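Below: the structure, in structure tokens.
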């Protein structure tokens, strides 16, 4: 029997370098982002079924919670095994949160085309509910505050999309920040796919054991993925400043979902 010919186009660093701390995850992303911002003609394409990772970093409390959720469930960090989530962790992870801001600043300088879904909040709201039911919040009030921070985030994102301009940790949208085109995907199944295009080159990041990712700079895969993005864009709706009605409908629906979820969380916190 002939052996199958196997060609590897993707790199998965976590096989040789498993994540043992938040920094192990954040530092390579910060490094890549610093390299990308130094390049010319960079464009970022992002298709996702959950809140893009960069936006969690706009709100330190959300960034801290997501790192905790990934650290406990995906990376299984031993230091979190018997530890409930608490905002007191912000004092412990100052350097890690500073890295998230560095990543956010880099992302905010790059023009992007992003394809979202109306259910992008579901992953994070499910995590909040799970940890409430497991008794893994140091205080129930912290779960309620996370809901308020999600509402705050989407009010910011609604404005960001309306002006088609990103803004960094300072909350200001200037000419030095990247432009953004935003679309609502109602028919394509996506995971989290991020394609960086610059000149004639590509870098593809695709989640594998989310938030971990496979990485490829293979030009053929890059061109194929760019074509996939272009097909999706033709079959999605603009929800940025180019279409006021669809923009308002999309973000108002998400904000209403978050208000409803906050009410649910407040009720859950009286039980658990």
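Values as computed for the structure displayed
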{"read-out": "Tally, over the range 227-254, of residues that are buried (at least 16 other Cβ atoms within 10 Å of the Cβ) and over 19 Å from residue 186 (Cβ atoms)", "value": "1"}
{"read-out": "Hits in the range 205-241 - residues which are over 30 Å from residue 18 (Cβ atoms), touching a strand residue (DSSP E or B) at 6+ places or on another chain (Cβ under 8 Å) and not in a helix (DSSP H, G or I)", "value": "236, 237, 238, 239, 240"}
{"read-out": "In the range 259-269, the residues that are touching a residue at least 40 places away in the same chain (Cβ under 8 Å) and farther than 17 Å from residue 130 by Cβ", "value": "259"}
{"read-out": "Qualifying residue in the range 80-93 (condition: modelled with pLDDT of 95 or more, under 13 Å from the mean Cα position of the chain (by Cα) and surrounded by 20 or more Cβ atoms within 10 Å (Cβ to Cβ))", "value": "no"}
{"read-out": "Answer residue from the range 43-55, given it is over 21 Å from residue 155 (Cβ atoms) and at pLDDT 95 or above and is surrounded by the fewest Cβ atoms within 10 Å (Cβ to Cβ) among those", "value": "43"}
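Residue-wise test of (1) buried (at least 19 other Cβ atoms within 10 Å of the Cβ); (2) at pLDDT below 95; (3) within 20 Å of residue 180 (Cα to Cα); (4) out of contact with any helix residue (DSSP H, G or I) (no Cβ under 6 Å at 6 or more places or on another chain).
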residue: 22; (1), (2), (3), (4): yes, no, no, no
residue: 41; (1), (2), (3), (4): no, yes, yes, yes
residue: 57; (1), (2), (3), (4): yes, no, yes, no
residue: 62; (1), (2), (3), (4): yes, no, no, no
residue: 70; (1), (2), (3), (4): yes, no, no, yes
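The values are calculated or read from the model by the stated rules, or taken from the named source; none is laboratory data. As the structure is a prediction and not an experimental result, all values here were calculated from the model. Cβ atoms come from the backbone with ideal geometry, glycine included; neighbour counts cover every protein chain shown.
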